[in-house]
Amino acid sequence: MRVSDQQMVSSALLQMQSQLLALSNAQTQVSTGRKVSTPSDDPAAAAGILELQVAQQSNAQELKNAQDGQAWVQGADNQLQQAAGILQEVRNLTVQAASSTDSTTDTAIATQIRSLRDQLVSIANAQQGGRGLFAGFASGAAVTQVAGTWTYTGDAGQIQRRVGPQEKVTVNVTGDQVFGFGGPPGSDTFSMLDTLANQVAAGSTSAVSASIASVDTALVNVNQGLAAIGNAGARISKALELNSASAMNIQTQLS
């Protein structure tokens, strides 16, 4: 079969165009550092890249979640550490008052206990990002006085953060747990401190001695809250380590 000059020219042009396209693709790869710039460059690889990009976005969101959860945990831990310190101070004052025979000393100790109770109320109503640390999902104060009675005005909501593909962490504890609102009316930490201050002011040493056990119970409740928060903090720290390793792995595959 005779090949015309036109066919030869067309074939040469096609070869040149193919070579120019290959050169252009090579230059693009060198300048961008990317082997695949458009899906048509390598459809199979492009699909894999899309999957990695989705994984990268999920990883970035999990990092933000973990960092936010870490802030919640650190805030709660700081407040509960202060609460434990306050209750330990109350206990020391209670032991002192249990053996006191001086009314002036009793009055001073009762005043100190009421002041420490007020500090504890401030801790119970502490906030994180405009939300109550110990109020669950509820807005406003976690602990208030309703008709003269100390009341937990939060709820039992568990604030959770997804910090990994299969990992959710509860980053809060609620005020009803750590301040003893789960028992009969008047058995909460704040009512107990009111009663204790009145006993001390009245010089009732036997009643004050009996109240030491109630202070210990209040301290146990706070320490249990600290343990729960500590466990959440440890899980988040581990999740952050895994997140960092996963981010590096995804970036390596993309590169």
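The table below lists the values:
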{"quantity": "Asp77 - accessible surface, heavy atoms, 1.4 Å probe, Å² rounded to 10", "calculated": "50 Å²"}
{"quantity": "Heavy-atom accessible area per residue - segment 113-180, 1.4 Å, Å²", "calculated": "46 Å²"}
{"quantity": "Rounded FRET efficiency, nearest 0.05, which uses the C-beta distance separating Glu89 from Ser255 and R0 of 45 Å", "calculated": "0.20"}
{"quantity": "Convex hull of Cα atoms in segment 121-242, direction-averaged projection (nm²)", "calculated": "8.8 nm²"}
{"quantity": "Net charge contributed by nearby residues that have their C-beta within less than 12 Å of Ala247 (K/R +1, D/E -1)", "calculated": "-2"}
{"quantity": "With every protein chain in place, segment 121-181: carbon and sulfur % of accessible area (1.4 Å)", "calculated": "46 percent"}
{"quantity": "Stokes-Einstein D (µm²/s) once Rh is taken as the Kirkwood radius of segment 108-148 over alpha-carbon pairs, at 25 °C in 0.890 mPa s", "calculated": "217 µm²/s"}
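The values are calculated or read from the model by the stated rules, or taken from the named source; none is laboratory data. This structure is a prediction, so every number in the text was calculated from the model and none was measured. For neighbour counting, all protein chains shown are included, and Cβ atoms are generated from backbone atoms with ideal geometry for every residue, glycine included. To get the accessible areas, we keep the full protein, side chains included, count just its heavy atoms, and leave off ligands, DNA and RNA. Shrake-Rupley method; radii C 1.70, N 1.55, O 1.52, S 1.80 Å.
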